[in-house]
Structures are given as C-alpha cells and as structure tokens.
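The values are calculated or read from the model by the stated rules, or taken from the named source; none is laboratory data. Just so we're clear, the structure is a prediction, and the values are computed from it rather than from any experiment. Cβ sites come from the backbone with ideal geometry, for glycine too, and all protein chains shown count toward neighbours.
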There are 4 protein chains.
Amino acid sequence: MPNLAAVMPEFGTIEVRDVPLSEPTGRDVVVNVKAVGVCGSDTAYYTVGYIGDWVVDGPIILGHETAGQVVAIGPDVESIAVGDRVAIEPGTPCRDCEDCLAGRYHLCADLEFLATPPYDGALVQNLVIDERNLFVIPDSMSYEAAALCEPLSVGIWACRRAGLQPGDRVRVTGAGPVGILAAQVARALGAADVVVSDISDFRLGIAADLGFQTEKAGEVEPGPGHEDADVLLECSGAPDALATGLWRLRNGGRAAMVGLPKQDVSLPLSRLNVKEITLSLVNRYAHTWPTAIALVASGRVDVGPLVTHRFALEETADALTLASRIPDSMKAIILPNG
Amino acid sequence: MPNLAAVMPEFGTIEVRDVPLSEPTGRDVVVNVKAVGVCGSDTAYYTVGYIGDWVVDGPIILGHETAGQVVAIGPDVESIAVGDRVAIEPGTPCRDCEDCLAGRYHLCADLEFLATPPYDGALVQNLVIDERNLFVIPDSMSYEAAALCEPLSVGIWACRRAGLQPGDRVRVTGAGPVGILAAQVARALGAADVVVSDISDFRLGIAADLGFQTEKAGEVEPGPGHEDADVLLECSGAPDALATGLWRLRNGGRAAMVGLPKQDVSLPLSRLNVKEITLSLVNRYAHTWPTAIALVASGRVDVGPLVTHRFALEETADALTLASRIPDSMKAIILPNG
Amino acid sequence: MPNLAAVMPEFGTIEVRDVPLSEPTGRDVVVNVKAVGVCGSDTAYYTVGYIGDWVVDGPIILGHETAGQVVAIGPDVESIAVGDRVAIEPGTPCRDCEDCLAGRYHLCADLEFLATPPYDGALVQNLVIDERNLFVIPDSMSYEAAALCEPLSVGIWACRRAGLQPGDRVRVTGAGPVGILAAQVARALGAADVVVSDISDFRLGIAADLGFQTEKAGEVEPGPGHEDADVLLECSGAPDALATGLWRLRNGGRAAMVGLPKQDVSLPLSRLNVKEITLSLVNRYAHTWPTAIALVASGRVDVGPLVTHRFALEETADALTLASRIPDSMKAIILPNG
Amino acid sequence: MPNLAAVMPEFGTIEVRDVPLSEPTGRDVVVNVKAVGVCGSDTAYYTVGYIGDWVVDGPIILGHETAGQVVAIGPDVESIAVGDRVAIEPGTPCRDCEDCLAGRYHLCADLEFLATPPYDGALVQNLVIDERNLFVIPDSMSYEAAALCEPLSVGIWACRRAGLQPGDRVRVTGAGPVGILAAQVARALGAADVVVSDISDFRLGIAADLGFQTEKAGEVEPGPGHEDADVLLECSGAPDALATGLWRLRNGGRAAMVGLPKQDVSLPLSRLNVKEITLSLVNRYAHTWPTAIALVASGRVDVGPLVTHRFALEETADALTLASRIPDSMKAIILPNG
C-alpha cells in the first residue's frame, strides 16, 4: 500500500510521491493523517522558501497542524493504542536541556518541529511520530477540529504570555485564524469583553458572527486618548499594528506579540512608559494541548467557522496559495486520505 | 412614603418597620432594592446571633447580596445616574491604609460591610450607599442575577486565590450556592474539567443539570491513590472536607478554602508535602464585580438554577430559615419592593 | 525666619527667594529639608524646560530626591512626630481611583509629584507634605542616603518589573546613579551575577569598585550569539541600548526599560521572539520605601559612592549642570540648610 | 585502591566496607567525596529505620549533602572535566514525565535521590553520579560549603515557595541548620527584617551572631494581636509551631512549611482566613544550585557558623547521633577521604 506525501522538492513546487513507511520502533507511533491545516508558515516556505533564519535547502514535506488515527505502535509505547483518534503536537523537545527542565520545552534549542527545515511535516498519508506528541480526542471532536488545536494552542499561549486575567478587556488585532482563535480563547478564559480589529470586512464578519465586537483597523489614529483595553493580542503582523495597539492599552496593560512583522518594529516606548505596559513576545506554545482539547470539546471555542476551504492531497499547491488567490478565505484544510 | 425594612431587634426575631430615609449627601446614592439573596451568614446571625468574632449586639438589618435601581443621588456623585440598574458591592473600604493601597481593600481593617455588625444591610426598600459600591448592569440582566454577583464574586475570588490556570482539573467540594457558582466560574475561566461533590442528591442534581461531573461525598476514602485534580475549591465547610479534598490533589496542586468549618482543622501536612500543595485561605473578594457582571451577561455563568424560592419582605424570617426547613432548596431571594 | 527656596522662574534661571511657610493643617507635616539629590529630570527642566508632555509654564521649585527632619505636624497627623528623621516619597496619589485601589497608585492620573509641573519640589528649606509620604529612617542612616532612597526605589521597582528571581544573571546597561543602584538592588535580591556596561570609564570604575563585572558599551555587536543574561535593566536611555541589550538575553529573558530614549525605539522583535522575551516599561515605583530603607540600613546597598559633589542652595544652578560640566561626576547633592 | 563506604546493613549499625567502584559509563562521573553533611533524615534512618513511607529494608549508604572532586568521567560526559571541584545535587529525575517537563522535576515520581531507600548515598570515598547532578564551584569555595548547598537549597526553595518579596518582614521558626540558612536566604533576597525563634539558647546565639533578631519560642501566646510578619518559614517541625507562626502573619501573609511534624497538624483556619494567608508545603527544591553557589561564593550567605563538628568516615555513627548526644551542636560534617 503506498504512503503518499505532498513533497516540496524545492520552493514553489509540490509533487505527490510515495514515501517509505517503516515499522514504528521504540515509542514511535504511526498515525493515519486525517486533516492538515495550512498555516501561513507553510505558505511562506512554499512561495519564498524561508522564514527568517529557517531556510528550505532540500526536499521537505510541509504541514504541522494535524490530527489522525493511530494505526500502529512501537514496542515501547505506553499511553497510546491502535485506533486512538489523536491531535498531534508538532514539536519534539530534547527533554534534557535547561529550557526543557525549566518548563519551557518549546524553547529547546534542539526542538524538532514538523515542517520546519530540516524536519518533514504532516502532509503525508501516514506519519511516524513519538507517542508523547499525541493527545487522544473525544469521539465528538472532528479531526479538523483536532488539527486546529495547533493554532488554537497559539491563542492559548498568547493569552498566557499576556497574563490574561478574568475580567480583562481584550483587543485582538488581526482577524485571521490565529486572531479569531485567540479572541475565542480570551473569552473562554473570562475576558470581560473582546474587540477584534482587521482591515478585512470578510474577516470582521466572521468575528462578528462569533459574537465579538469589531473595529475596522485604522479607524482610530495611534496616540493617547483611546485607552480601552487591558490586554492586546497582536495577531496581524502588520508593520504598525503593535504600536497602534499599544496606544489602546490602559495603565498596567499587557501585550502579547503573536504576529511577526517582516521588519524591525518602531515603538514610542518613552511615551508608553507612563502606563507601565508589559510586552511579551510569543514563540509557539507549551503544555497547551489538554487545554485546547477541553475548550473545543466543551464548545467554549468553536473552530468550525475558520474552515472555509478543503483540498485533497493532490491539490496541496492550491491550498498553499489559497490566501492570495481568494482573499475572502480563512483556513484551508488538506485531507491526505481523501 | 414609608421605607420598610426587615429589622432584627435581637437574634431570632424579625420585625418589618418603617426606617428613616434621608436625602443622599456627598457621593451617596439611594438604591431602590429589588432583590436580596439570603446567605448562610444571614441565617447564622438570625439563628445564633454571631459568626466567629462578629456578634450581633443591637438591632440590625440583614442582607448583603443585593441589587436595585438608583432613585436619588448625592451632589458629588459622578459615575451613577438616577434610573441606573445596579449590582451592589457590599463592602466599603477606608481607601487609605496599607492594605487598601496594596490592592487588597477587602482586608481593610476599617471595612464597612452590609449586614456585618454593627453595619446594617440591604433588607430595606431603599438603601443609601456610596456610588463606588455600585456597578451598572445591562438591561438584559435581572436584578436577581445582579444580586447573585455577590456569591459569584466569592467563586471568582476563590479561583483567583487558587491560582486557577486554563486546563486545570478542578474539584469543588460542596454544591451549595457558592460551590455551584465556583464550579461555573472555574469552567468559565478555562478549567479542563470540573467535578462537584456533595452529600445531597438534590444539590448534585443541580450540578449535573449544569453539566458538571458529580461525586457523592464520602465515596472515596481520604488517602493517597486517587489524585485527580489540580485545583480544589472547598466550599462546604464540612469538618473533614478540606483534608479529604487535599488528598485528591496532584503534584503542585492548589486549594482555596472558602467554606468555614466551626472547629480547628486537622491536616496531614507531613504526608501532603510530597505533592507541594499550596493552600490559600479566602476572605470574600476584591475587584470582582466587573468580571461577575461580564460572566453573567454573556451567559458564561448561569445563576438561574440557584434560585429555588422567593419571598416578600414580610416573609424574611421564612427566607432566613429556608435551608433548615426545606433541605432540597438552594438560594432564597427576598423582594423588598414586592 | 526666612524659608529660602531655589525657585526657577523660567527654564535656565534659578533665584533663591524667601517663600511663604504656613502652619501645617490636617495630615500635613513640615520637613526641614536636609538633602536633595539632583536627578536628570531636574536638569532637563532647567536646561530645556520640559520632559515629554510635562512642560514648565510658570515658576517652579525643582528637586524630588529628598530627606529631612520633621519640625511641625498638622492636627490630624498620626504616624509622625516632631524630630523624626524621614525619607520622603515624592508622589501623592488620589487614593480613590481604580489604579490606586488596584495597588498601582504610582499610575494614578491625579498623582501630585514633587518638581513635576505644576507641583513644586524640595529645593526649599522647609517643605510641607502629607505624613503618608514620610518614612522614618534609623539614626544610622544619613540624610543623603535617605534622599537617595528615591533613585534607589527606581532600581527596586525595575527589578520587580523585570520579575527578577534569585539566581538570575543580570545585565545593567548604563552606569549612572540609577544603573549603579539597580545593579546593587539586583545583587541584594539574589542575582547570581551582575554585569554593568557603559561608555564612561569613570562610571565603570565606580561599578568595578562596588564589585560588579563591567563591560565597555559597544564592545559586543548587537545580534545573536552572545546571550548571557536572564534579566536586562536598561538604565542608559541611549537610543540603541535597548535593542543591543535584548540581544544579550537568554530564553525567557526579561527586560525592564528604565532609561527613556528621546526618540522612538526600533526593535528586531521578530527575531527576538524565538527567545520569548518579556519587556516591561517602568514608570517610577510603588510601595518601595520600606525596602529601600532596609537595604541601605543593613548595608546591602551602598549609596555612598554615588555622591561625588555637594552644593549649597545658592549653588543650585551649578548642581543642575554638573553632569555636562564635569563628565566624571555622578550625583550632585544640594543641602538647602547648609 | 579500596573504596570505603559507611554502609548501614540495618538501622542502628554502621560498618565501613570496601564497595565496588566501576569505570563510569555514559554521562556518569566519579566524584572523590570530600565532605558530607549529616541531615536529620540520615539520623532518622539510622535510629528508627524509616521516614514516613520511606523504609530501609536492606543495606544502604546514607548521606546526601555532599561535594567533591571529579576523578573520572564517562565517555559521553560533556560539561564536566577531571579535576573539577563540584557541589552535588542529590536527586536525579526521569526527565520525561509531566512533572519534569512542567519545571518541577523534584516531584518526579521516579526521582532517584541519594540516601533515600533504595538508593545509596554519598558516605563513600568515590561516588558515581550523572554529570547533570554536578555544579562546578569556584576555587574560593570550600567543599564543606559546597556540601551545604544542599540544605541551603531547601532555604532558597522555601523562600520561593513562600513567594518572598523584597521588603518582606520574615519570621523563621526553628534555628537548626535549615532555619539558619533559610533566614540568611531571606535576608539575601531582600527581606526588610528577619526574626528567628527557637527554644534553644545555643541556636539563638548562632542566629544572633549572624545578625538576626531572635525570639525565644513560646514567649508569645498563639492568637491574634501580634501580627508582625509577611512571611513565615516554619523550619522546626515542632507540633504547634505552624499554628503559632501563622498567628504572627499579617494580612496577605505567606507561609512555607519546611519542618515536618510527626503527627497531623491542627490549624485554626476559620480564624486565620480573615487575613487571607497562603500556606505552601515544601518538598526539597528544584533549580537551586546555581543560586546557592552564587550566594555562598559572594558572601551573601555564610555557611561557616553551621559546622560545629567534623568526623572521619569511621566515626559515622557518632556523627549520626550528634544532635541527641550534644544538644549544643548544629551540623556534623563527615570527611570520607580524611
């Protein structure tokens, strides 16, 4: 039986190939991949071949938002059984360094992360991965929802990095998938109110349908006089979004920067210091999957409205370019097993 | 126009009397009281005349869970207008001591608290209170729900004292009004799952109807081997409940003690220390009303199932003895203006 | 008996004048001012007439780092007696707003702060101030040391804002008075090691004499590869110091920005995010005087080496321009009572 | 060359035997043991054969406070070289479980800890241990001081568990080695003042010599009216010490329980709750060695006054019974290599 994968031999090209699949050893597990969400990072690797210091310099399989069903387990696997439906955490830390033991394994220098060069990702029919990356999902949760526990984890971690407290007034800038999920997380963690801003009416519409207040980005000039938020979750990566958002923070405000602008960011820190703002940078997440699954399974977060398009494995290139081809889109899901 | 109040001349007696109502001065406001929840402390003052070191030694008006509509304002009032529908925070701190300035005004030695001797409470048709104790509620929120923002605040603060984090597995012991509200708060703040235990099948039924897992108190012997919670919210005040609940905590577990047992508590601390448990005592709340209103207004907390009985002001004595007369009851609401 | 003050009628001019001194009322106290430290903000008001949005638009008395002896008390004073030797906290909050009650009175919108327009400062022989701004010092502490509890408070608060933990490796950029004090505080709070950098060999020499490792600013190019600190305390205000310092932080590093650059700050946040840095802005301090006094009184912080020059009240203009006239200087102290 | 060890074949007996010493493999290192501090747990295993659930049921080598010099390294050792002088952390976690990855490896269910049954300890001339348990000490630090980094770590962790903040007023109950070290740590981390209490005048004398205020235990009756501490570090294990100490805490006070009483502890929690005390249990420490070494190396903590008696390996039984034989003693050090 073949094991088809969407291989990117070099950036800009996708070829569906049969790739080897060996018996799992040690604590490895074979997961039949049911759904893979397309992330902006996948699109960047496909269209320009790099993200910051990570450069594609050989064939790679993309995709790291994923879920599936376990079809084989290695001899030392303890916590997972064949047949289990699982969400997959894409990063595997060394479990040995100072960062790992300090509780921040996501910053491990030796982290192996799906679809981050040189490591292959999940756009394959069967994926081999350590059992410790797997989290069993309830029967009621779809594979698509389980795959989206990955961007949802970004939202959870952003709220944690921002020190979100119950009752906080939250502003989310950027209504893409991560922004929409971060907004839902903020609400699910007790935020008093959540305002979502973006330049896209399509995306603001999805935010409004989910019950959020919305604001067209750019309507309020950056500067003092409009402080209405305790927490800012910057999820757009737009060059001026962080500075603009920081102006909206109240005294003691906390900001988490999730979106990554392409250039250096200029900030009026000497004017913002009177408010004693705290700005936290965000690099993925740690310890979030159980929370993500609980929030989705209980309905406190609804990932359904994010999925606007679905693709077969052969249509991977179309999926990777969805955002530029169809601006009124949100999240593409690829179904490697049809 | 009379201003009727349910006065307790001495414990065990309630008389409805017309009490003076003067024009509001300074930042004081007159609130037409629409709903007053009966708390266990009201019942204790009525039945035995004291709670710990607080002793009733003169006529007093009970009731501190309350909401109403503003009918007059003092000359210096800035934030409140006649006609506003408001939830009322019952404690007024000095705003001058070390505790107040440190952010814990609820521990102010000079706190004046409704229905705590020698201060009168809210079982009156019109209540005079400082505008800073008032929080405007949205039109969609009932006065009963607004009154229950007080016990809800206890639940919010218990979660905060316990250091509740998203994804925590939470055990609530005691399914009375505070326990049910604390459980709902834990869920609304991102708890992964919440188990409620009690000895009353009636109360466990209400918990189950609200979607919680339930456990009959006493079914699991205290001792090691059943650790399944990250957070314990002890809301029963039963003598052994705290020790029993602490055994259920996992490594790094955190407990908040809300219920107040009548005697000293014996705890196996030398055996629990291997888990590095943190135990936080709880004394009411601070800074919670905006959060409480947001959680109720958005439907994330449902106070409706708590209200099992309603009473007119003349029936105050019946309301105060409801729990002992009708075990299958939960929360009594008194309607001073009918 | 005259009450001489160094009045600045307009920026660039100082005149010693006799100013009125009335009997203290309420909780006010009259302090005979023994020592006033000159801060960079005093110098800025004197040389250019403004700092950011604070503009001098009338006669003002400068000086906010101060200590003295109580010579008279108002009728409602409770905690202070005539003869007390006191350090003075220069900010008086409203004690009524959300910020004050939340424990961050230093961000109070109505804060009245010595020598911040339009409020007069401490360059006067006798200062009237609320008793709650006073902290009695032990006999062993000099008035100069007590006056320097103000910049020391900046250092304490910077460490708190940076979330300094015992064992942290700390980098302090800028070896002016605040930098030297912040470095001493970091060591006094358990930092494993503290490195101080500056461009001035004179200032690095003072840091070295106090036992700190030193590094000439600019010796290490900004960029990855030199991460050696858990905490950055940026105390120079130099335009590039923050970015340069952030590169030196390790994973999970925390930075507090104390120095205020004159322009917007450009930061490579997208490259720093892999380390999940937290950047905290700093606006003075809160709740720090007892700590400052304890650290100085016990010898854990030594403010002595900071004081390089002393001036009489008539020499105030010289004191205010010391830094530009004599680069190899540190802190000027003015002695209003000779 | 023999490798002598003080073996305890069964409780109450010590025999010096030659034990096998193999070549180190993997990341193991051979340390020539220079100093071993005697802990109360060693004494308990020797005199009664158990501590709580840990029971000696076969020959065991005691001793876990230790330091030495590296004499051989395994083939995979990266961070340690022959000749290194090292302090030794006695616990080896699995580095794989939820607790390890959450940053609390000290609570790992599979922790292997020196001298805790069934694992042998350090009373041997040459000890084989993983390099990750070793911390290189500066030349200026003695091996005795390095060995005492273990009880010092308990003090560091107690302060961390108590949430010690700069400026806190600290009460330490119990002036044994851990209490004295905890008091020194509290001071080294910025405590405003530290009071040490005990029943032993000898031990209070050592505390006084180190500059602490002292108080004879029992002089103040438990009960309200004497609140003078923000933090309690209970290090005595005396049955009533915790309750007595909790009464001394002020509003918002935090207590860490380090001493382990033999019975359950009875606490007046319903009366203490008005102060909103937080009580944290303590189980050893995590991540503390770098801090311990820095505090000792810089002179901020002085372990010298603790060492009152020294013993050769053959005198191990005398060392283990020192406390009962000579009440005016503090810490026994055993020198396995003479």
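Computed values, structure above
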item	result
Residues of the stretch A:120-150 classified as surrounded by fewer than 24 Cβ atoms within 10 Å (Cβ to Cβ), more than 18 Å from A:Arg27 (Cβ to Cβ) and either modelled with pLDDT under 95 or not polar (S, T, N, Q) (or both), total	7
Total residues in the stretch D:191-205, condition out of contact with any helix residue (DSSP H, G or I) (no Cβ under 6 Å at 6 or more places or on another chain) and assigned to a loop (DSSP other than H, G, I, E, B)	3
Any hit, the stretch C:221-234, residues being hydrophobic (A, V, I, L, M, F, W, C) and surrounded by fewer than 22 Cβ atoms within 10 Å (Cβ to Cβ)	no
Test: residue in the stretch A:105-116 that is more than 12 Å from every other protein chain (Cβ to nearest Cβ), closer than 23 Å to A:Lys331 by Cα and of a type in the set (Asp, Glu)	no
Residue under evaluation C:Ala102, criteria (1) more than 28 Å from D:Ala192 (Cα to Cα); (2) within 13 Å of chain B (Cβ to nearest Cβ); (3) not aromatic (Phe, Trp, Tyr), criterion not met	(1)
Condition broken by B:Asp57, with the remaining ones in (1) in contact with a helix residue (DSSP H, G or I) (Cβ under 9 Å, 6 or more places away or on another chain); (2) within 24 Å of B:Arg284 (Cα to Cα); (3) surrounded by fewer than 22 Cβ atoms within 10 Å (Cβ to Cβ) satisfied	(1)
Some residue of the stretch C:307-326 being at pLDDT 95 or above, part of a helix (DSSP H, G or I) and either touching a Cys at 6+ places or on another chain (Cβ under 6 Å) or not assigned by TED's automatic domain parsing to the domain that holds C:Val124 (or both)	no
Filter result for the condition that a residue is among the β-branched types (Val, Ile, Thr), farther than 18 Å from B:Val307 by Cβ and more than 14 Å from every other protein chain (Cβ to nearest Cβ), over B:Ile199, B:Ile180, B:Ile206	B:Ile199
Test: D:Leu164 is aliphatic (A, V, I, L, M) and within 18 Å of D:Ile333 (Cα to Cα)	no
Close pairs (7 angstrom Cβ cut-off, 6 or more residues apart or separate chains): closer than 17 Å to D:Glu144 by Cβ in the stretch D:296-324, among the charged types (D, E, K, R) anywhere	D:Pro305/D:Asp209; D:Leu306/D:Lys331; D:Val307/D:Glu144; D:Val307/D:Lys331; D:Thr308/D:Lys331; D:Phe311/D:Asp318
Flag if B:Ala332 is buried (at least 24 other Cβ atoms within 10 Å of the Cβ) and within 14 Å of chain A (Cβ to nearest Cβ)	no
Test: B:Gly26 is within 13 Å of another protein chain (Cβ to nearest Cβ) and within 24 Å of B:Gly237 (Cα to Cα)	no
Positions within the stretch D:72-82 being surrounded by 15 or more Cβ atoms within 10 Å (Cβ to Cβ) and out of contact with any helix residue (DSSP H, G or I) (no Cβ under 9 Å at 6 or more places or on another chain), in sequence order	D:Ala72
Filter result for D:Ala175 (in a loop (DSSP other than H, G, I, E, B), of a type outside the set (S, T, N, Q) and away from every other protein chain (no Cβ under 12 Å))	yes
Selection status of A:Asp28, within 30 Å of A:Asp264 (Cβ to Cβ) and acidic (Asp, Glu)	no
Filter result (touching a strand residue (DSSP E or B) at 6+ places or on another chain (Cβ under 9 Å) and of a type in the set (A, V, I, L, M)) within the stretch A:186-205	A:Ala186, A:Ala191, A:Ala192, A:Val194, A:Val195, A:Val196, A:Ile199, A:Leu204
Positions within the stretch A:241-295 being more than 19 Å from C:Leu272 (Cβ to Cβ) and not assigned by TED's automatic domain parsing to the domain that holds A:Ala191, in sequence order	A:His287, A:Thr288, A:Trp289, A:Pro290, A:Thr291, A:Ala292, A:Ile293, A:Ala294, A:Leu295
Among (1) free of Cβ contacts under 8 Å to residues at least 24 places away in the same chain; (2) within 20 Å of the chain's Cα centre (by Cα) - the single one D:Glu15 does not satisfy	(2)
Checking A:Glu144 against (1) part of a strand (DSSP E or B); (2) over 22 Å from D:Cys94 (Cα atoms), the condition it does not meet	(1)
Enumeration of residues in the stretch A:154-167 that are assigned to a helix (DSSP H, G or I), over 17 Å from A:Ile277 (Cβ atoms) and within 11 Å of chain B (Cβ to nearest Cβ)	A:Gly155, A:Ile156, A:Trp157, A:Arg160
Number of positions in the stretch D:177-211 that are hydrophobic (A, V, I, L, M, F, W, C) and in contact (Cβ under 8 Å) with a residue 40 or more places away in the chain	12
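Rundown of residues vs (1) touching a Leu at 6+ places or on another chain (Cβ under 7 Å); (2) within 30 Å of D:Ala256 (Cα to Cα), yes/no style:
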{"residue": "B:Gly259", "(1), (2)": "no, yes"}
{"residue": "B:Gln263", "(1), (2)": "no, yes"}
{"residue": "B:Leu281", "(1), (2)": "yes, yes"}
{"residue": "B:Ala292", "(1), (2)": "yes, no"}
{"residue": "B:Pro305", "(1), (2)": "yes, no"}
{"residue": "B:Leu320", "(1), (2)": "no, no"}
{"residue": "B:Ser324", "(1), (2)": "no, no"}
{"residue": "B:Lys331", "(1), (2)": "yes, no"}
